[in-house]
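The values are calculated or read from the model by the stated rules, or taken from the named source; none is laboratory data. The structure presented is a predicted model; accordingly, all values stated were derived computationally and were not measured. Note that we place each Cβ from the backbone using ideal geometry, even for glycine, and neighbour counts take in every protein chain shown. Areas reflect the complete protein model, heavy atoms only, side chains present, ligands, DNA and RNA absent. Shrake-Rupley method; radii C 1.70, N 1.55, O 1.52, S 1.80 Å.
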Amino acid sequence: MTRRLSVALMAVGGLVLLSVALVMVPRSWWGVVASGWPVLVPVAGGLAVLVAGVLLWRRDGVKHEVSAAPMPPDRQVRPLRAWVIPAGVVLVGVVTWAAVGWLQGSVPVVGDQVERAKLRVESIRTGLTIGASVTAALALLLAFRRQQLAERTQQATEYDAGEKRVTELYVKAADQIGSDKAPVRLAGLYALERLAQDNPAHRQSIVEVICAYLRMPYTPPNDQSNPESVDQQPAGGFDPAAPTDATGSSGKPALDPREERQVRLAAQRILARHLRPTTPEGEPDPLYWKTKVTLDLTEAVLIDFDLTDCHLYNATFTNTHFTGTTWFGRATFSGLARFGKATFSGDARFGKATFSGNVWFNEATFSGEAWFVQAAFSGDPRFDMATFNGNARFDKATFSGNAWFGKATFNGLAGFVGAAFNGNAGFDKAMFSGDAGFAEATFSGLARFGKATFSGDARFGGAAFNGNAGFDKATFNGNARFGKATFNGNAEFGKATFSGLAEFGKATFNGDARFVGAAFNGDSWFGGATFSGTASFDGSTLAGTTYDGPKPGAE
């Protein structure tokens, strides 16, 4: 028995009980009711309004985004069962018979025969009236069902018409995007934006169309910002300067790269405009698309891409070529964030960005400055084999999961000052061509720098290693500064090479300190260092001067 049929049967049963109750009410009570109608009518009206309000509230209780398009039918109306009508007829007969029988039995035996006959006739008439009332109630329920069917049919008709209209607009806008004229392509993009704004159910598909447009091969013009980036080959990706369909290599009319740049910038702005939950003033943005919109910009060429303050879900930028300055400041990445083999020709700004899931920058290339200051990584960020040609700034960044920088190349400054590594930190075989700044950084898990190469100064002053610190076979060509560092776990410097000053002054080694086979080619300073565990220097080479007192060069 369906829910709707159950409601109908309960309504019929309630009407029957109400009819019986009204018959059983003493006549003296009707006088009281009749005298108090000025009060009863407003009370009944108020109760009716209250019930209607509760029903409407329950109907609208499920939150949904307002849409200009007709909504699909909310639920299916099943055909009426064949036994419902006979059951209704039987119910009417039973109620009528029961009412007549009960009223006949209530006729008093006193009085003359004529009076009793009149009362019996009146009781039969009253019983038939009750039966007619039940019949009317059933007819009302059937009429209500017919009205529901008519409304649902109208709703389905409007929905089909709306879907047809949306499809026509969608196809027309898609055709405009394929035009060889830039104004027509712009019109198509803005038509798709309006269509997505009015139809939340189609937003993801429209976003996919815009992303697919941005994924089309494109050669940026030479007069754009950072023009030298055009001639660079993205790591692991295609050459943006190679002939493409957009430049007429397929025999089609060549697209003006300057006009195409404006079309692509408009597409990028459309995506950014609807991914920001707040306005610059901090107010909720009415243009924000609350649904989880997925971006797939694999192998796209993006120009001065700006998603500052945007919320992204499962964003994919694999093999993407970012020209100009890229802005992701204060952006929130939910789910996966894929930047594997991406190329950043200009500066990449990720300051204060939040990565809720895992993020992959494997084999990414940063030609300009990589700015991740105060970024928060909740998942496991991977920068394995990434190349930082400019400065890489991760100062005060928070790594809640495991942070992997294995075989990463830092050609500029590598700044991790005050960074917090709450999980394991892996810098195995990483190459630091410039200075590496890890001062005041906190390593809560395992810190691995095995076979890492520090060509500049390695600054770990004041760093806290709460887990084991592994610098086995690491090469320090510049100064290695570990002054005031705290090693709560074991400190492994086996076969490490120190070509410059090896500074461990006032360092605290609460675990074992192993420098087995280490080569100190320059001066070393351990003045004020504290060794709570075993300190092993077996097989180490001390070519320079070892200072146990004041810091070398201090007066």
- Query: Using a probe of 1.4 angstrom, how much of the accessible area of segment 450-555 is carbon and sulfur, in percent?
  - Reply: 44
- Out of residues 5 or more away from residue 509 or on other chains, whose amide H comes under 5 Å of its own, with H placed 1.01 Å from N in the peptide plane? 487, 530, 531, 532
- Task: Starting from the residue with the highest accessible area, list 311, 274, 202 in decreasing order, probe 1.4 Å.
- Result: 311, 202, 274
- Solvent accessible area, Å² - residue 278, 1.4 Å probe, full protein context: 60
- Query: residue 341: which lysines have alpha carbons under 30 Å from its alpha carbon, excluding same-chain residues fewer than 8 sequence positions away?
  - Reply: 290, 292, 352, 396, 407, 429, 451, 473
- Item | For residue 503, solvent-accessible area (1.4 Å; no DNA, RNA or ligand), Å² | 20
- Note on the structure: Cβ-Cβ cut-off under 12 Å around residue 387, Lys and Arg +1, Asp and Glu -1: the net charge is 0
- Note on the structure: Taking a straight Cα-to-Cα line shorter than 23 Å from residue 164, and setting aside same-chain lysines fewer than 8 residues away, one finds 172
- How big is the gap, in Å, between the Cα center of segment 435-480 and the Cα center of segment 252-328? 37
- Add +1 for every Lys or Arg and -1 for every Asp or Glu among the other residues with Cβ under 11 Å from the Cβ of residue 274, and state the total. +3
- How much accessible surface does residue 303 have with a 1.4 Å probe, in Å² rounded to 10? 10
- Carbon plus sulfur, as percent of the 1.4 Å-probe accessible area of segment 382-437, comes to 46
